[in-house]
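The values are calculated or read from the model by the stated rules, or taken from the named source; none is laboratory data. Remember, it's a predicted structure, so these values are computed and weren't measured experimentally. Backbone-built Cβ (ideal geometry, glycine too); neighbour counts: all protein chains shown. SASA here: full protein model, heavy atoms, side chains in, ligands and nucleic acids out. Shrake-Rupley method; radii C 1.70, N 1.55, O 1.52, S 1.80 Å.
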Amino acid sequence: MFLYIYVDYLHLYKPGVLDDILVGVVHEFDTGPTFVALGLTLMAIPILMILLSTTLPARVNRATNLVVATLYIPVTMYNAAGESWTYSYFYGLSIGLELLLLAFILRSAWTWPRTSSPSMPDAGTGSHRPQIQMGR
């Protein structure tokens, strides 16, 4: 999540970017309510994934991570569309890191255990603490 934010922030240091933003244009798009809502959605999804990854059951978590990471690959690659070679190192490094992280998420979700491990207690079956027996 921080990588997405920092890449967007550091992009602001490119000459002309702030001038375009001040006249209401970002990446050839007019900055209106739709643009702002889509931008918020693109940032909210990774934020929600942190919460969902800790709360969803394993099977749903696996599927959600596979779908979201797959959808974010083209979104991530779009950031380099139309950019000059002058900033190729910046975009290569930033997009490369984002794609590596998405590949890690995809691999982890793909190999995710489909059932609870034997060492993990099943939810809802009561206490699984060993009973302490009092010796006589």
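Of all residues in segment 89-124, those satisfying the criterion of being assigned to a loop (DSSP other than H, G, I, E, B), at pLDDT 55 or above and hydroxyl-bearing (Ser, Thr, Tyr) are Thr111, Thr115, Ser116. Scanning segment 1-23 for residues that are open to solvent by less than 100 Å² (accessible area, probe 1.4 Å), within 24 Å of Ile50 (Cα to Cα) and in a helix (DSSP H, G or I) gives Leu3, Tyr4, Ile5, Val7, Asp8, Leu10. With the requirement that a residue be in contact with a Ser or Thr (Cβ under 9 Å, 6 or more places away or on another chain) and closer than 15 Å to Leu3 by Cα, what does segment 102-117 give you? Within segment 102-117, just Leu102 meets the criteria. Filtered by the rule that a residue be farther than 18 Å from Asp8 by Cβ, free of Cβ contacts under 8 Å to residues at least 24 places away in the same chain, open to solvent by less than 50 Å² (accessible area, probe 1.4 Å) and part of a helix (DSSP H, G or I), segment 24-62 gives a lone residue, Ser53.
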